[in-house]
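K.L.:
Here's a structure for you.
The values are calculated or read from the model by the stated rules, or taken from the named source; none is laboratory data. Note that the structure is predicted; figures quoted are calculated from it, not measured. Glycine also receives a Cβ, built like all others from the backbone with ideal geometry; neighbour counts cover every protein chain displayed.
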Amino acid sequence: MHAVDIEQRGRARVLLGSGELDAYAAPDLREAFEALRGAPSAVADLTRVSFMDSTALGVIVRGVRALDEAGTRVQVVLPAGSARRIFEITTLDRVLPVAATHEAALSALDD
């Protein structure tokens, strides 16, 4: 089971992912990233994600890149535990604009 929601927090739009993000969840994740387009800043908050496969990871990477290319400032809040491992294995935790917490992500976008 998964959920992908969008909230407005000040000037930033926030994608909130939770549960298992896999190939089944990929279309919802793609739609959510498209909904972030046009925002001056965006956060992809994955702290409530319990599992992530390579399909979802690819959607996140493409979504972050597309937003960045369109001029949206982006921060990604990574999940804890085993769901974070896919970011570490692929070293995407070093390449993506990552914040340790939701609050840190919003603060970085305010700078």
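K.L.:
List the number of the failed condition for Ala70; all other conditions in (1) more than 24 Å from Glu103 (Cβ to Cβ); (2) at pLDDT 95 or above; (3) in contact with a strand residue (DSSP E or B) (Cβ under 8 Å, 6 or more places away or on another chain) hold.
P.N.:
Against the list (1) more than 24 Å from Glu103 (Cβ to Cβ); (2) at pLDDT 95 or above; (3) in contact with a strand residue (DSSP E or B) (Cβ under 8 Å, 6 or more places away or on another chain), Ala70 comes up short only on (3).
K.L.:
So, in the stretch 42-88, exactly how many residues are of a type in the set (Gly, Ala, Ser), outside any helix (DSSP H, G or I) and either touching a helix residue (DSSP H, G or I) at 6+ places or on another chain (Cβ under 8 Å) or touching a residue at least 40 places away in the same chain (Cβ under 8 Å) (or both)?
P.N.:
The first filter runs over the stretch 42-88 and keeps only residues of a type in the set (Gly, Ala, Ser), leaving 42, 44, 50, 54, 56, 58, 63, 66, 70-71, 80-83.
Still in the running and outside any helix (DSSP H, G or I): 42, 44, 50, 70-71, 80.
The next check asks that each one be either touching a helix residue (DSSP H, G or I) at 6+ places or on another chain (Cβ under 8 Å) or touching a residue at least 40 places away in the same chain (Cβ under 8 Å) (or both); those that pass are 42, 44, 50.
The qualifying residues number 3.
K.L.:
Something else about it: Kindly indicate the residue of the stretch 60-75 that is surrounded by fewer than 22 Cβ atoms within 10 Å (Cβ to Cβ) and of a type in the set (A, V, I, L, M, F, W, C) and also nearest to Phe87 (Cα to Cα) among those meeting that condition.
P.N.:
We begin by selecting, within the stretch 60-75, every residue surrounded by fewer than 22 Cβ atoms within 10 Å (Cβ to Cβ); these are 61-62, 65-66, 68-73.
Now restrict to residues that are of a type in the set (A, V, I, L, M, F, W, C): 61, 66, 70.
Values: Val61: 10, Ala66: 19, Ala70: 24 Å.
Of everything passing the filter in the stretch 60-75, Val61 is nearest to Phe87 (Cα to Cα).
K.L.:
Across the stretch 22-37, what is the number of residues that are among the hydroxyl-bearing types (Ser, Thr, Tyr) and closer than 16 Å to Gly71 by Cβ?
P.N.:
Of all residues in the stretch 22-37, those among the hydroxyl-bearing types (Ser, Thr, Tyr) come to 24.
Next cut, closer than 16 Å to Gly71 by Cβ only: none.
The number of residues fulfilling the criteria is 0.
K.L.:
I need the full set of residues from the stretch 25-41 which are outside any loop (DSSP other than H, G, I, E, B) and not aromatic (Phe, Trp, Tyr), in order please. Write out each step before concluding.
P.N.:
Quick first cut of the stretch 25-41, residues outside any loop (DSSP other than H, G, I, E, B) only: 26-36, 41.
Answer for the stretch 25-41, where residues must be outside any loop (DSSP other than H, G, I, E, B) and not aromatic (Phe, Trp, Tyr): Ala26, Pro27, Asp28, Leu29, Arg30, Glu31, Ala32, Glu34, Ala35, Leu36, Ser41.
K.L.:
Related question: Among the residues of the stretch 21-35, is there at least one that is aliphatic (A, V, I, L, M), surrounded by fewer than 14 Cβ atoms within 10 Å (Cβ to Cβ), over 13 Å from the mean Cα position of the chain (by Cα) and within 17 Å of Ala105 (Cβ to Cβ)? Working first, answer last.
P.N.:
Step one: list which residues in the stretch 21-35 are aliphatic (A, V, I, L, M), which gives 21, 23, 25-26, 29, 32, 35.
Then drop every residue that is not surrounded by fewer than 14 Cβ atoms within 10 Å (Cβ to Cβ), which leaves 23.
Checking which are over 13 Å from the mean Cα position of the chain (by Cα) leaves us with 23.
Those left that are additionally within 17 Å of Ala105 (Cβ to Cβ): none.
So far as the stretch 21-35 goes, no, none of its residues is aliphatic (A, V, I, L, M), surrounded by fewer than 14 Cβ atoms within 10 Å (Cβ to Cβ), over 13 Å from the mean Cα position of the chain (by Cα) and within 17 Å of Ala105 (Cβ to Cβ).
K.L.:
Just wondering, is there one or more residues in the stretch 11-18 that are within 22 Å of Asp110 (Cβ to Cβ), of a type in the set (Ser, Thr, Tyr) and part of a strand (DSSP E or B)?
P.N.:
Looking for residues that are within 22 Å of Asp110 (Cβ to Cβ), of a type in the set (Ser, Thr, Tyr) and part of a strand (DSSP E or B), one finds none in the stretch 11-18, hence no.
K.L.:
Which of the residues belonging to the stretch 57-111 are within 14 Å of the chain's Cα centre (by Cα), among the charged types (D, E, K, R) and closer than 15 Å to Leu21 by Cβ?
P.N.:
Across the stretch 57-111, the qualifying residues are Arg62, Arg84.
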